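Here's the structure, in structure tokens; my notes come after.
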Amino acid sequence: MASPAKPERLLTAGFVRITGSALAYFIAIGVLAPVLPLYVEERLHGSGTSVGLAVGAFAVSAALLRPLVGRIGDEHGRKVLVLGGGFIAGISVLGYTLATNLPVLLGMRLLTGVGEAAMFVGAATAVQDLSPPARRGEATSYFSIAVYGGLAIGPLLGEGVRTQWGVHAAWYVSAAMCFVAVIVGLGMPTVRPAAVPQDVVVRRHLLHPAALRPGVILALSTTAFAGFSAFVPLYVKQVGLTSSGAVFAEYAFAVLAVRIFFARLPDRLGSVRGASLAMSLQSAGLIAMCAWHTATGLYVSTFVYSMGVSLLYPSLFPLVVDNAPEHERSQAIATFTLFFDISQGLGAFVLGVVVTLSSERWAFGVAGLLSLAGLALLRTTTRRAASGQGVEPAVTS
């Protein structure tokens, strides 16, 4: 039986509860960003590789579990993912207080990844489920405000708590915000997708072909974020800053501003031009971050880098959606977002090795080169498509 038509109203009580729950959760994640690398280096006496492992470990378990949590959400609704994911993440962060060595901390970070997989998939999918079809782009913008708003507030809160009351206090605040996300999420509706018609065959893909090239491009470009979040807290000392909270806040606020005030820019540029501009800006910012070894250089390069980040995902995402059958779209989206998890888990480790062999600034330089590789892959793919069709590609969002 066909599902009833959704009203055109977007900001319903259920929608607000979901985005509010996501906001609380991403504040919790943001609290960890400036604190975790310092904890590994100063308390656990870890190397750059150790910092990369600790920061990226959660992405490994999140990537492995993403297909499973998607099926749970389809069968039991998105609410169970939001509530269960937030609770698991909160318990895991409380476990950081017991981590007196790197293996225990890595175990807790892997558990955080379990919560991350469930919470993000549940909230992001529920937002789309509750949105009128004609306003899904607007809904995504509101959801990204919750994400980046949380990532803007969280680092400032985490740095302030760590400075005033110590590392363990930051763990408690982060865990508390995870539980706030659960409490807010209690009021959200239990949303399930419409049933697939019986005459439609749904093919199961471990990795959906429509998302492979965009996913690889995404992974090459977003590896930079793993290095940025892991090593900026350590790098700031080398350029005369006492903390990284302001740098993370600049990044989050800049991305947030573009998503709010220039939300239609990726649509106007089209997917290929938008993604090309995004990766060019990312590369320029990261290479400047490596070469311009001052506090001013860090702030300026962070701004340029954040401009690229703000355009990347909204530009690449339509390449996946437009090339996947509607009844396989969730599988394609799962594959696409899986590449982000891979970039955070593997990227943090690879860039951590770079730091161990050289320094933090060279990790930013390598990340800039990887983003350029993503740009080259995008342009090569586009030229091949145009050559095969005999026309200029017209990929738009």
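General remarks:
- Taking the criterion of being touching a Phe, Trp or Tyr at 6+ places or on another chain (Cβ under 6 Å), at pLDDT 90 or above and among the aliphatic types (A, V, I, L, M), the residues of the range 163-215 that qualify are VAL167, ALA181, VAL182.
- Checking each residue in the range 232-246 for being crowded, with 23+ Cβ neighbours inside 10 Å and of a type in the set (A, V, I, L, M, F, W, C) picks out only VAL232.
- Residues of the range 170-195 classified as free of Cβ contacts under 8 Å to residues at least 60 places away in the same chain and buried (at least 17 other Cβ atoms within 10 Å of the Cβ), total: 0
- Test: residue in the range 235-245 that is without any contact (Cβ under 8 Å) to a residue 24 or more places away in the chain, over 15 Å from SER310 (Cα atoms) and in a helix (DSSP H, G or I): yes
- Taken across the range 72-81, residues that are assigned by TED's automatic domain parsing to the domain that holds ALA28, at positive phi and either within 19 Å of the chain's Cα centre (by Cα) or surrounded by fewer than 24 Cβ atoms within 10 Å (Cβ to Cβ) (or both) do occur, with at least one present.
- Among the residues of the range 281-303, the one identified as surrounded by fewer than 16 Cβ atoms within 10 Å (Cβ to Cβ), of a type in the set (Gly, Ala, Ser) and over 25 Å from GLY149 (Cα atoms) is ALA291.
For every residue, the table says whether it meets (1) buried (at least 24 other Cβ atoms within 10 Å of the Cβ); (2) without any contact (Cβ under 8 Å) to a residue 40 or more places away in the chain; (3) not small (Gly, Ala, Ser).
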position	(1), (2), (3)
ILE342	no, no, yes
GLY347	yes, no, no
LEU351	yes, no, yes
TRP362	no, no, yes
GLY365	no, no, no
SER371	yes, no, no
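- Residue in the range 353-360 that is at pLDDT below 80 and more than 30 Å from ASP129 (Cα to Cα) present: no
- Of all residues in the range 130-144 being under 28 Å from VAL60 (Cβ atoms) and not small (Gly, Ala, Ser), the one that is modelled with the lowest pLDDT: THR140
- Picking from residues in the range 12-48 that are within 21 Å of the chain's Cα centre (by Cα) and not hydrophobic (A, V, I, L, M, F, W, C), the one that is surrounded by the fewest Cβ atoms within 10 Å (Cβ to Cβ) is GLY20.
- When residues of the range 253-292 are limited to those that are in a loop (DSSP other than H, G, I, E, B), over 20 Å from the mean Cα position of the chain (by Cα) and within 17 Å of SER315 (Cβ to Cβ), the one modelled with the lowest pLDDT: ARG264
- Taking the numbered list (1) surrounded by 18 or more Cβ atoms within 10 Å (Cβ to Cβ); (2) at pLDDT 75 or above in turn, VAL104 passes all entries but (1).
- Qualifying residues in the range 25-84 (those that are of a type in the set (Asp, Glu) and at pLDDT 80 or above) - the one farthest from HIS168 (Cα to Cα): GLU41
- Of note, PHE225 does not satisfy the criterion of being closer than 30 Å to THR356 by Cα and in contact with a Pro (Cβ under 7 Å, 6 or more places away or on another chain).
- Any hit, the range 320-327, residues being surrounded by 20 or more Cβ atoms within 10 Å (Cβ to Cβ) and outside any helix (DSSP H, G or I): yes
- Flag for ARG383 being at pLDDT 80 or above and of a type in the set (D, E, K, R): no
- Selection status of LEU94, more than 20 Å from LEU157 (Cβ to Cβ) and either of a type outside the set (Gly, Ala, Ser) or modelled with pLDDT under 85 (or both): no
- Members of the range 219-231 that are at pLDDT below 90 and surrounded by fewer than 24 Cβ atoms within 10 Å (Cβ to Cβ): PHE225
The values are calculated or read from the model by the stated rules, or taken from the named source; none is laboratory data. A quick note: this is a predicted structure, and the numbers were derived from the prediction, not measured. When we count neighbours, we look across all protein chains shown, and the Cβ atoms used for this are built from the backbone with ideal geometry, even at glycine.
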